[in-house]
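Participant: One structure, as structure tokens, below. Some questions next.
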Amino acid sequence: MQTNQRDNRLAEQLRNQIQQLRDELQAHNYRYYILDAPIITDAEYDQHLRQLEKLETELGEPVPSSSPTQTVGAPISHVFEPREHLRPLLSLANAFGDDEVRDFDRRLRDLIDQNMTGRDNFQYVVEPKIDGLAVNLRYENRVLTIAATRGDGRVGEDVTDNIRTIADIPWRFEGDEAGDVPELLEVRGEVYMSKASFEALNKRQERQGEKLFANPRNAAAGSLRQLDARVTAKRQLSFFAYGVGEGTASLGNSHSALMQKLKSFGFAIQAYEVFSDVDALLANYQSWQQRRQVLPYEIDGLVYKLDDFDLQQHMGEVARSPRWAVAHKFPAEEVVTTVEKIIWQVGRTGVVTPVAEMKPVKVAGVIVSRATLHNIQELQRKDVRIGDAVVVRRAGDVIPEVARVVEPAGERGEPAMIPELCPVCGSHIEQAEGEAAIRCSGGLVCSAQLKERLKHFVSRGAMDIEGMGDKLIEMLVDEPLDSPLKLKSVADIFRIDFDALAGREGFAEKKIKNLQRAVEKSKKQPLAKFLFALGIRHVGAVTAISLSEYFHSMEAIRDTDIEALQEVEDVGPEVAASVSAFFEEAHNMEVLAALKQAGVWPDLAKVKDIPEGHPLAGKSVVLTGSLEKVSRSDAQAALRKLGVKPTGSVSKKTDVLVAGENAGSKLKKAQELGVEVVDEAQLMTWLNWHAEDDV
Ligand code: IVH
């Protein structure tokens, strides 16, 4: 018995040593291959690697394929795989102008007066609102395991490799050794590009004849969404932490205390200020209109947060934004120019939108010559006419819009004419009851709609057909009817006679080959991307993932009904009705049949290798508590491989809860809802399941 215990202890020590070496070697791999900045010599690396090999042999346990002894070169990338946040990322409500800030303050005071008397002299923490993009950093036992973009707030995209290039983000945090650090911690913050890095990047781009970025925000977003982390590394991104998701509870009882904790862990945080009344907040805001110029990075407002966590909790949230915080935005930059034309643009779904063509002007760093007028009501309300001087505005990422006409003096042009026929195909224009939009009724005959549908189908997040740009699509749709290149539907892409492209201007042999290869490759896109590519109304990229993970095949989605569709997370009556209507439309079925015949018919089973009849297949599983044999992220990855969807919170839709040690509120909730609860041993049995096993 005693020998046994000693052996166990020794094995445990060996495992720890091995894990540490693997982590270190992975970090060196990354520094060598991605950052191009190794900190040890090749000889030292080899020595570590041999030591690891020796220990792995000594331990005598199976060596995972991810061990540096089994892989050569850069670490395996999971770039852009969907990652569910353990707690949703919330957004912020905006306040424009002093009155809206006073309203916010009054609401808080009223709520606190009513229910929490004695707590009414509370404090606000004020932080600059960084103009970048939100990321969620998951740390397991202090080690960064997954970094994901915000996505829809629930599921984001894996950008871990790229995030590791940011010096402000620790790969492993050391501080507060003695303190209570949660086993699972989600640090939230903003990735941004400093003004200096932005200038330098655009200079480089210009020198190399590459496209310039409009502003630091776009540059940061573009740099974080690189497939090759070596490119991200050169872009010099930065990061500020501003909050925590999972794991908040044990890190203090106020936002300011939390910020100090994060700082002690090694995260970069912004300087914040504390105020206790609204007049002080507003005076401070005025001073920031100037101060923002001297900050080394761009900000688009200030964020006011209630400091006290108890009070925050008491306030709760509405519409995905906490009631206890608000973003006091700086006004959007406005510029005056003249309208030269008002045109009507036809979109993918036939919506016809008025657009002002204007004398080009620079707004918020970008040259603008077109601005949306949204819809007829807006056009009439603003009464924009040709020749008018108008104020154009562009806030952050928002498409430019005409804010208003500058007080018209003297003669004006005629009010804009509302088209009765589609400006592209001549079909009648319709307006549904209660809808602001007007639509072209041309559907399949309207080439403008077809072009937009095709552009969406081939785009990066959809079928991702590289080389098939807007220009080419426009050309192919405009081919004469008898041309072997003519595109009449998305299925025609897979029947293009590439030989017919030879000899056309700009189509060298190599370009045609690449295009052909890209079209062929796109047939292997996963089910979710295919579903998204079809452009079903209300089915965005995230809903497409949910649908594909639930149904696993096109047939299953096609043959289901509206009730079953609503079983899927995020699918409500409107989305379900739209999916159902898509499959009822005869023309859509024809296009799908043609796609299938061309070999474009992904299903999840093929992509994800789900063993037939696996007891967990298609189920929704939640992990809670601490697991002993696998890390939570490995368990989640293994589940995803099985086509099982690990989710963060327990709900009516959960099928199984895996409860590790010290499971808390999720276990309670699962028991209340009658959800099946199993332990880690059962999970391991399922993960190692083979078709011949008994269930
Ligand atoms: S707090 C629950 N603090 O602004 C509160 N957000 O418009 C979550 N942002 O999604 C956000 N600077 O990406 C917070 N100091 C700051 C921020 C900040 C920038 C971003 C963040 C958020 C967006 C909301």
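The values are calculated or read from the model by the stated rules, or taken from the named source; none is laboratory data. Being a predicted model, the structure only gives us computed values, none of them experimental. Quick reminder, even Gly has a Cβ in these numbers, built from the backbone with ideal geometry, and neighbours come from all protein chains shown. Quick note on the areas: whole protein, heavy atoms, side chains included, nothing else; ligands and nucleic acids left out. Shrake-Rupley method; radii C 1.70, N 1.55, O 1.52, S 1.80 Å.
Participant: With the other protein chains left in place, how much accessible area per residue, in square angstrom, belongs to segment 138-204 at a 1.4 angstrom probe?
Facilitator: 36
Participant: Let me ask something else. Filter the GluC sites (Glu not before Pro) in segment 533-617 down to the DSSP loop ones having no more than 10 other Cβ atoms within 10 Å, then list what survives. Before the final figure, lay out each step's value.
Facilitator: Numbers: sites: Glu549, Glu555, Glu563, Glu567, Glu569, Glu574, Glu584, Glu585, Glu590, Glu612; in loops: Glu567, Glu569, Glu585, Glu612.
Passing sites in segment 533-617 are Glu612.
Participant: Next question, about the same structure. Return the long-range amide H neighbours of His78 (sequence gap of 5 or more, or a different chain), with a cut-off of under 5 Å between placed amide H atoms.
Facilitator: Asp161
Participant: Right, next: Apply the Karplus curve 6.51 cos²θ - 1.76 cosθ + 1.60, θ = phi - 60°, to the phi angles in segment 375-385 and return the couplings in whole Hz, x for Gly and Pro.
Facilitator: 7, 4, 4, 5, 4, 6, 4, 7, 6, 7, 10
Participant: What ³J(HN,Hα) values, in whole Hz, does the Karplus curve 6.51 cos²θ - 1.76 cosθ + 1.60 give for segment 218-228 when θ = phi - 60°, with x put for Gly and Pro?
Facilitator: Taking θ as phi minus 60°, the curve returns 4, 5, 5, 5, x, 6, 6, 9, 9, 6, 10 Hz for segment 218-228.
Participant: Test of the criteria: in segment 451-514, which chymotrypsin sites (Phe, Trp or Tyr not before Pro) are in a DSSP loop and have at most 16 other Cβ atoms within 10 angstrom of their Cβ?
Facilitator: Phe507
Participant: Find how much the distance from Glu505 to Glu174 grows on full extension, using 0.36 nm per residue of separation minus their present alpha carbon separation; answer in nm with one decimal. Write down the numbers at each step before the final one.
Facilitator: Values: separation 331, 0.36 × 331 = 119.16 nm, distance 5.99 nm.
Separation in residues times 0.36 nm, less the Cα-Cα distance, equals 113.2 nm.
Participant: How large is the helix-only mean residue ellipticity at 222 nm for the chain, computed as the sum of -39500 (n - 2.57) over DSSP H runs with n ≥ 4, divided by its residue count, in deg cm²/dmol to the nearest 500?
Facilitator: Value at 222 nm, helices only: -11500 deg cm²/dmol.
Participant: Hey, another quick one. Gain in length, Thr338 to Ala43, computed as 0.36 nm per residue apart minus the alpha-carbon separation, to one decimal in nm?
Facilitator: Net length gain for the segment: 99.5 nm.
Participant: Can you send over the carbon and sulfur percentage of the accessible area for the chain, probe radius 1.4 Å, protein chains only? Walk me through the numbers on the way to the answer.
Facilitator: Details: 17320 of 35580 Å².
Its accessible area is 49 percent carbon and sulfur atoms.
Participant: Are there any GluC sites (Glu not before Pro) in segment 490-521 that are in a DSSP loop and have at most 14 other Cβ atoms within 10 Å? List them by number.
Facilitator: For GluC sites (Glu not before Pro) across segment 490-521 that sit outside H, G, I, E and B with at most 14 neighbouring Cβ atoms in 10 Å, the list reads Glu505.
Participant: Taking 8 Å as the Cα distance limit and 6 or more residues as the minimum spacing, I'd like the relative contact order of segment 190-337 as a percentage.
Facilitator: Once divided by the residue count of segment 190-337, the mean separation gives 21 percent.
Participant: Sorted by accessible area with a 1.4 angstrom probe, largest first, how do Ile399, Ile166, Ile386, Ile343 fall?
Facilitator: Final ranking, largest accessible area leading: Ile399, Ile386, Ile343, Ile166.
Participant: Here's another thing I want to ask about it. Provide the three semi-axes, in whole Å and in decreasing order, of the ellipsoid equivalent to segment 153-259 as defined by the square roots of 5 times the Cα gyration tensor eigenvalues.
Facilitator: Calculated on Cα positions only, the semi-axes equal 32, 13, 13 Å.
Participant: State the antiparallel share, in %, of DSSP beta bridges confined to the chain, rounding to the nearest 5.
Facilitator: 85
Participant: Please list, in chain and number order, the residues 5+ apart from Glu676 or on another chain whose amide H is under 5 Å from its amide H, with Hs placed from the backbone.
Facilitator: When sequence neighbours closer than 5 places are left aside, the close amide H contacts are Leu657.
Participant: Here's a follow-up. Under a 5 Å amide H to amide H cut-off, with H placed in plane at 1.01 Å, what residues pair with Ser254 once short-range neighbours are removed?
Facilitator: Here Phe309 satisfy the definition.
Participant: Here is a follow-up. For the cross-link pairs Lys451/Lys523; Lys263/Lys668; Lys211/Lys513, which exceed 23 Å when the distance is taken from alpha carbon to alpha carbon?
Facilitator: Result: Lys263/Lys668; Lys211/Lys513 exceed 23 Å.
Participant: Any idea of the accessible area per residue across segment 467-573, 1.4 Å probe, to the nearest Å²?
Facilitator: Working: 5530 Å² over 107 residues.
About 52 Å² of surface per residue is accessible.
Participant: Oh, and also: Defining a contact as two alpha carbons under 8 Å apart and six or more residues distant in sequence, what relative contact order in percent does the chain show?
Facilitator: Dividing the mean separation by the residue count of the chain yields 9 percent.
Participant: Explain nothing, just compute: Karplus ³J(HN,Hα) = 6.51 cos²θ - 1.76 cosθ + 1.60, θ = phi - 60°, for every residue of segment 91-104 in order, whole Hz, x for Gly and Pro.
Facilitator: Running phi through 6.51 cos²θ - 1.76 cosθ + 1.60 with θ = phi - 60° gives 10, 10, 6, 9, 10, 10, x, 4, 4, 5, 6, 4, 4, 4 Hz.
Participant: Report, in listed order, any pair from Lys195/Lys362; Lys471/Lys510; Lys305/Lys382 with a Cα-Cα distance greater than 24 Å.
Facilitator: Exceeds cut-off: Lys305/Lys382.
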